[in-house]
Amino acid sequence: MLILKSNKNNFINMFNQAHKENEPVIFPTDTIYGIGAFFDDEKANNKIFELKNRDFTKPFPILISDFSQLEMLKIPLTNSQKLILEKYWPGRFTFLLNTRLNYSYCVLEAKIAVRMVKDLPVYEMINHFNKPVTATSANLSGQPYNPSIKSIINSFAKKVKYFLTQNDGNDKPSTIIDLTTSPFNIIRNPLNISLDQI
């Protein structure tokens, strides 16, 4: 098990090493701690289902650092979707979008959940490799999320090899909005926003 402080260089080096071994990484984001891997690392992402005991019908969200990376995720945007993304990204909003990508661990019924981060070590790492990463919450499925990094390490110490840490994380996840429906649908709403505000 390797535990390093969250900074740009450690993020880059750890994700690089983990990718060589097809292993996931636990890391801080601008919301909660996540566990993930490069979006196209099938072996690492399939391991996450096993170590979290997560249902295979619940795919992982994706983090990006730039709009151009939507092309890697094979996402065709409508004009109205693009305007909304430009308004709320980067930030604490995850949007469900249509995709032609076929990775089952991050796609369900031709939909993918994506969020753009900025000005964080995870952003610097994604930007460095120019490759999106998966990021599902760092807790065992069915268990409440605990923002304490000590608790997270204890829960996954025997399952995960790579940890990036900072202070205890936030306990509020991102807001999730489905932009593939008409009207749009708010799926998770910790900010208590209304559709009229979107």
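The values are calculated or read from the model by the stated rules, or taken from the named source; none is laboratory data. No experiment lies behind these values; they were computed from the predicted model shown. Note: ideal-geometry Cβ built from the backbone for every residue, glycine included; neighbour counts use all protein chains shown.
For the stretch 104-118, give me each residue that is touching a strand residue (DSSP E or B) at 6+ places or on another chain (Cβ under 9 Å) and closer than 24 Å to residue 28 by Cα.
Result: 105, 106, 112, 113, 114, 115, 116, 117.
Please work out if residue 118 is closer than 22 Å to residue 19 by Cβ and basic (Lys, Arg). Talk me through it step by step, then tell me what you get.
Details: closer than 22 Å to residue 19 by Cβ: no; basic (Lys, Arg): yes.
Considered against the rule, which asks whether it is closer than 22 Å to residue 19 by Cβ and basic (Lys, Arg), residue 118 comes out as no.
Of the residues making up the stretch 50-60, one or more are more than 17 Å from residue 158 (Cβ to Cβ), touching a helix residue (DSSP H, G or I) at 6+ places or on another chain (Cβ under 8 Å) and at pLDDT 95 or above. Scanning the stretch 31-46 for residues that are of a type in the set (Gly, Ala, Ser) and more than 17 Å from residue 141 (Cβ to Cβ) yields a total of 2. Can you confirm whether the stretch 120-128 contains a residue that is assigned to a loop (DSSP other than H, G, I, E, B) and loosely packed, with under 15 Cβ neighbours inside 10 Å? No, the stretch 120-128 has no match at all. Looking only at the stretch 68-89, residues that are surrounded by 14 or more Cβ atoms within 10 Å (Cβ to Cβ) and out of contact with any Ser or Thr (no Cβ under 8 Å at 6 or more places or on another chain) come to 9 in all.
Only strands (runs of 3 or more DSSP E) wholly contained in the stretch 141-191 count here; list those with 2 or more residues that are touching a helix residue (DSSP H, G or I) at 6+ places or on another chain (Cβ under 8 Å) and surrounded by 13 or more Cβ atoms within 10 Å (Cβ to Cβ). Before you say what the answer is, go through the steps one by one.
On the way: elements: 162-165, 175-178, 185-188.
Answer list for the stretch 141-191: 162-165.
Quick one: how many residues across the stretch 21-67 are of a type in the set (Lys, Arg) and surrounded by 16 or more Cβ atoms within 10 Å (Cβ to Cβ)?
The total comes to 3.
For the stretch 10-19, the criterion of a residue being in contact with a Gly (Cβ under 9 Å, 6 or more places away or on another chain) and either at pLDDT below 95 or of a type in the set (Val, Ile, Thr) (or both) is satisfied by no position.
When only residues in the stretch 119-158 that are basic (Lys, Arg) and at pLDDT below 95 count, which is nearest to residue 11 (Cα to Cα)?
In the first step, residues of the stretch 119-158 are kept if they are basic (Lys, Arg); the result is 131, 150, 158.
Remaining after also requiring at pLDDT below 95: 150, 158.
Numbers: 150: 19, 158: 21 Å.
Out of the qualifying residues, it is 150.
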